[in-house]
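The values are calculated or read from the model by the stated rules, or taken from the named source; none is laboratory data. What you see is a predicted model, and the numbers here were worked out from it, not measured in a lab. These area figures cover heavy atoms from the full protein model, side chains too; ligands, DNA and RNA do not enter into them. Shrake-Rupley method; radii C 1.70, N 1.55, O 1.52, S 1.80 Å.
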Amino acid sequence: MVATIALATIVLSLLSVVSPPEVIADQIEESTFAGYLTDPEEAPQLVMGVVSGDRALERLLSLRDLTGSRRVIGGDDVVVLEPTPRAEVEIDYEAEPELLEMINRERAARGEIPLVASAPLARVARAHAVDAYTSGRLAPDSSDGATLEQRLADAEVLVVTADQVMALAVTAEAAQEALHGAEREVGVLTDSAYRRVGIGVVEGPYGVIVVEVVAG
């Protein structure tokens, strides 16, 4: 019985964020039991959070109410979150080479040479991702209004040309996939004018923020 409830909790939680067919969605919405299983404040969700040992399910439920399962942030976009204390935000250095590999596969498929990881650009990208989480403001500009050009200048990073992409998702890989699925963002990442990239991956209660700064 416990195993059945656990499985139902996982399935219904996933369905709540992946937009199931309308008939199924209506049935879930009308079900008192389904509502109990997917309510983050009820016992099944609290227990699943402990048993799973990670924050994936918690992030799915948080993102459902915020932006859906993933969100690309560009142009004039601004996503407002509850500010997160710095102690609850963690930089995922290990994810950076994995995302670089994904970018370079996309570039190779388009006949472009691979980007090279840049430590100075990565520091700028990480700082912007941390600032977004701790300020509760996800946008191309920083919480104090600094543009990418200003942040590069402040960090004394010399570039001829530069651009930035940004996404929020449950995992770093999902964020990268979202960037590759967005016309402007994938165009930036595969632009032949760029040779270097700095990647910042920051984890927190709403999921993973990925910021990538490319430069020529």
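Express in Å², to the nearest 10, the accessible area of residue 144 obtained by rolling a 1.4 Å probe over the protein heavy atoms while all chains stay in place.
Accessible surface of residue 144 is approximately 120 Å².
Top to bottom by accessible area (1.4 Å), largest first, where do 192, 142 land?
192, 142
Heavy-atom accessible area per residue, the range 95-137, 1.4 Å probe: how many Å²?
45 Å²
Which whole number in µm²/s is D for the range 89-216 by Stokes-Einstein, with the Kirkwood Rh taken over Cα pairs at 37 °C and 0.692 mPa s?
Here the translational diffusion coefficient equals 230 µm²/s.
Considering only protein heavy atoms, with the full assembly of protein chains and a 1.4 angstrom probe, order 128, 180 by accessible area, largest first.
180, 128
Take the alpha-carbon centre of the range 156-216, take the same for the range 115-147, and report the distance between them in whole Å.
The distance from the Cα centre of the range 156-216 to that of the range 115-147 comes to 10 Å.
Give me the accessible area of residue 177, 1.4 Å probe, in Å² rounded to the nearest 10.
So the heavy atoms of residue 177 present about 100 Å² to solvent.
Could you order 123, 71, 184 so the one with the most accessible surface comes first? Probe is 1.4 Å.
From most exposed to least exposed: 123, 184, 71.
If you bin every alpha carbon distance in the range 174-216 into 5 Å steps from zero, what whole percent lands in each bin?
5, 22, 27, 24, 14, 5, 2, 0
Kindly report, to the nearest 10 Å², the accessible surface of residue 92 as traced by a 1.4 Å probe over protein heavy atoms only.
Spelled out: residue 92, probe radius 1.4 Å, area about 40 Å².
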